[in-house]
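K.L.:
My questions will all concern the structure given below.
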Amino acid sequence: MSEPVNAESAVLQKTFELRILRYTPGRDEEPAFGSFQVTGAEGMTVLEALQTIKDTLDGTLSYRWSCRMAVCGSCGMMINGTPRLACSTLLRDLPPGPVTVEPLQNFPIERDLVISVDAFVKKIESVYPYLIPKEQKTVAEGPHLQTPAQMAAYESFSDCINCMLCYAACPQFGENPDFIGPGAMAMLQRYNGDSRDGGRQKRLDTIHGEDGVWSCTAVGICSEVCPKQVDPANAVNQNKTNSAFDFFLRFLRTEQPQ
Ligand code: SF4
Ligand code: FES
C-alpha cells in the first residue's frame with residue numbers, strides 16, 4: 001500500500017543565503033553586511049526570509065512591513081541593488097547565489113533596513129494630498145459625479161502606495177534630497193487631474209521652485225521600478241507642461257495694459 005501524500009512535506013524546501021546590511025547609528029561605526037542561511041519553501045519571499053531570520057537566528061534584525069501583499073508600501077528595500085518590495089519578491093526569481101538586502105538608498109538609515117521617512121512625508125504633505133472640492137455640496141445635494149473618462153485622467157496615479165522605490169531609484173533625488181521627487185508628483189497629479197478638485201493652483205505653486213518639477217532630468221527609471229505601474233515619470237512630464245503653461249499665463253496677466 002502506498003503512503004498517503006502529506007501536502008506540507010511535498011512543498012519543496014530550499015536553503016538561501018542573504019547578505020543583509022546591518023547598522024545601528026550611535027553603536028556601529030559604519031554599516032556592515034551580516035550573512036544568514038535560511039531554509040524555507042522554495043517559493044518564499046524576501047520578507048518571509050527576513051521574518052525567519054528574526055524569529056530563529058537574530059531577533060535584533062530591524063525592517064518595516066505590514067500588509068505582506070504589496071499594498072501598504074512599507075517593505076521597500078534594495079534587493080540585489082534594485083529597489084523592490086520585499087513582500088512581493090520571490091527568492092526563486094532572483095539569480096542564483098547570495099541575495100544582497102540593503103535599506104532603500106538615498107535615505108538616512110534609522111536602523112538596519114529601516115530608513116527615515118520624515119522628509120518624504122513632508123514632500124507628500126506639501127502637495128495637499130487630498131481633494132479640495134471645487135464646489136461645496138451638502139449631503140442632501142448628492143455626490144460629485146464623474147464620467148469614466150474624467151476618472152481615467154487620474155486613476156493610475158491613485159494607485160501610488162507611497163513605497164518610495166521611485167525615490168531610491170532617482171539619481172536627481174540622490175544628488176539633491178530637497179528635490180520634490182516622483183512620488184509626490186504622482187500624488188499631486190492624482191488630485192490636480194481630478195475633475196472634482198479645485199486646488200490645482202495651490203499645488204502648482206509648490207512645484208515651480210528650484211527643487212520642484214524642473215529639477216527632474218527625465219531619466220525615467222522611477223517608472224521602471226514602480227511596483228504599481230503608477231508611471232510617476234508621466235506625472236512629472238504632465239506637470240512640467242502645466243508649470244510652463246501656468247508661468248506663461250501669469251506672465252500674460254502681469255503684462256495686461258492698465
Ligand atoms: S509612484 Fe510608484 S514607486 Fe513611487 S511611491 Fe508611488 S507606488 Fe511607490
Ligand atoms: S508589507 Fe506592505 S507592501 Fe510589503
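K.L.:
What distance in nm separates the simple spin-label points at D211 and N80, each placed 7 Å from Cα in the Cβ direction?
P.N.:
Simple spin-label model gives 3.5 nm for this pair.
K.L.:
Let me ask something additional. If R0 is 45 Å, what FRET efficiency do you get for R68 and R27 from their C-beta distance, rounded to 0.05? Kindly include the intermediate steps, with their values, before the conclusion.
P.N.:
Numbers: r = 29 Å, r/R0 = 0.65.
After rounding to 0.05, the efficiency reads 0.95.
K.L.:
Using the Kirkwood radius over Cα pairs, work out the Stokes-Einstein diffusion coefficient for region 1-150 at 10 °C and 1.306 mPa s, in µm²/s as a whole number.
P.N.:
Values: Rh = 18.6 Å.
After rounding, the answer is 85 µm²/s.
K.L.:
Another question, then. Measure off, as a whole percent, the carbon and sulfur share of the 1.4 Å-probe accessible area of the chain, all protein chains present. Write down the numbers at each step before the final one.
P.N.:
Values: 7670 of 14380 Å².
Carbon plus sulfur share of accessible area: 53 percent.
K.L.:
While we're on this one: I'd like to check one number: the per residue accessible area of the chain, probe 1.4 Å, reported in Å² as a whole number. Before the final figure, lay out the partial values.
P.N.:
On the way: 14380 Å² over 258 residues.
Value for the chain: 56 Å² per residue.
K.L.:
How about K134: which lysines have a C-alpha closer than 28 Å to its C-alpha, ignoring those fewer than 8 places off in the same chain?
P.N.:
Leaving aside lysines fewer than 8 places away in the same chain, those within reach of K134 are K122, K123, K202, K240.
K.L.:
How big is the antiparallel share of DSSP beta bridges in region 11-115, given as a percent to the nearest 5? Working shown, then result.
P.N.:
Working: 19 of 22 bridges.
The antiparallel fraction comes to roughly 85 percent.
K.L.:
In nanometres, what is the gap between the two model label sites at F248 and S195, each 7 Å from Cα along Cα-to-Cβ?
P.N.:
A separation of 2.5 nm, rounded to one decimal place.
K.L.:
Please work out whether region 127-257 counts as rounded, prolate or oblate from its C-alpha gyration tensor, where a ≥ b ≥ c are the square roots of the eigenvalues and a/c under 1.5 means rounded, while otherwise a/b larger than b/c means prolate and anything else oblate? Let's see the in-between values first.
P.N.:
Values: a/c = 2.26, a/b = 1.21, b/c = 1.87.
In terms of gyration-tensor shape, oblate.
K.L.:
I would also like to ask the following. Could you order the peptides 110-118, 163-171, 142-150 from most to least packed, using the average number of other C-beta atoms within 10 Å per residue?
P.N.:
Numbers: 110-118: 18.0, 163-171: 24.8, 142-150: 10.0.
Ranked by mean Cβ neighbours within 10 Å, highest first: 163-171, 110-118, 142-150.
K.L.:
Would you list, by chain and number, the lysines whose Cα falls below 30 Å from the Cα of K14, excluding same-chain residues fewer than 8 positions away?
P.N.:
K54, K228
K.L.:
With viscosity set to 1.306 mPa s and temperature to 10 °C, compute the Stokes-Einstein D of the chain, Rh being the Kirkwood radius across alpha carbon pairs; µm²/s, no decimals. Don't skip to the end; give the middle numbers.
P.N.:
Values: Rh = 20.8 Å.
The diffusion coefficient I find is 76 µm²/s.
K.L.:
Expressed in nm to one decimal, what extension gain is obtained for the pair A149 and L131 from 0.36 nm per residue of sequence separation less their Cα-Cα distance?
P.N.:
On the way: separation 18, 0.36 × 18 = 6.48 nm, distance 1.82 nm.
Additional length available on full extension: 4.7 nm.
K.L.:
Hey, another quick one. Over 5 Å intervals from 0, what percent of Cα-Cα pairs in region 180-258 sits in each interval?
P.N.:
Final binned percentages: 3, 15, 24, 23, 16, 10, 4, 3, 1, 1, 0.
The values are calculated or read from the model by the stated rules, or taken from the named source; none is laboratory data. Computed from a prediction, not measured in an experiment: that's the story for all the values here. Cβ coordinates were reconstructed from backbone atoms using ideal geometry, including for glycine residues, and neighbour counts include every protein chain displayed. The protein model used for the area step is the full one, side chains on, heavy atoms only, and it has no ligands, DNA or RNA in it. Shrake-Rupley method; radii C 1.70, N 1.55, O 1.52, S 1.80 Å.
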